[in-house]
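Asker: Pasting a structure below so you can have a look.
The values are calculated or read from the model by the stated rules, or taken from the named source; none is laboratory data. Everything numeric in this text was worked out from a predicted model, so none of it was measured. Cβ: placed from backbone, ideal geometry, glycine included. Neighbour counts: every protein chain shown. Just so you know, the surface numbers come from the protein's heavy atoms only, side chains and all, with ligands and any DNA or RNA stripped out. Shrake-Rupley method; radii C 1.70, N 1.55, O 1.52, S 1.80 Å.
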Amino acid sequence: QVQLVESGGGLVQPGGSLRLSCAASGVAFSFDAMGWYRQTPGKEREWAALITSGGTINYANAVKGRFTLAGDNGKNTVNLQMNSLKPEDTAVYYCMMAAHGSMYWGKGTLVTVSS
């Protein structure tokens, strides 16, 4: 059974940094795409940063220039370095892995940006 385990959320002041990590277990294949989505109460889950198996990385406009995604296709891991955090980045961040036509999700980790 595929499991995605996230770590690294927490409370940070505006302008601060956090690093999220995600590792997949129970996987016998490499990802087609992997990355992070985020969701705030009352809103739909939105993608923030994704990497493909070919190494292409895409960022949502809201995080471009502040977040940096790195991934290892062979190990099925991704890390998201988040800098210059803003209060509007406050959300539950979910790790997602797409492989063999399926999407797998982590349980989510809360990031709170507040003074």
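Asker: Take the residues in segment 60-73 that are among the aliphatic types (A, V, I, L, M) and assigned to a loop (DSSP other than H, G, I, E, B), then tell me which one is surrounded by the fewest Cβ atoms within 10 Å (Cβ to Cβ).
Answerer: A62
Asker: From the list A91, A33, which one is of a type in the set (A, V, I, L, M), in contact with a Ser or Thr (Cβ under 8 Å, 6 or more places away or on another chain) and closer than 25 Å to S115 by Cα?
Answerer: Numbers: A33 fails: closer than 25 Å to S115 by Cα.
Only one candidate qualifies: A91.
Asker: Turning to a different aspect of this structure: How many of the residues in segment 16-32 are assigned to a loop (DSSP other than H, G, I, E, B) and either at pLDDT 95 or above or open to solvent by 60 Å² or more (accessible area, probe 1.4 Å) (or both)?
Answerer: Qualifying residue count, segment 16-32: 4.
Each row is one residue, and each column tells you yes or no for (1) open to solvent by 40 Å² or more (accessible area, probe 1.4 Å); (2) in a strand (DSSP E or B); (3) closer than 13 Å to G108 by Cα.
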site	(1), (2), (3)
E6	no, yes, yes
P14	yes, no, no
M34	no, yes, no
R38	no, yes, yes
N58	yes, yes, no
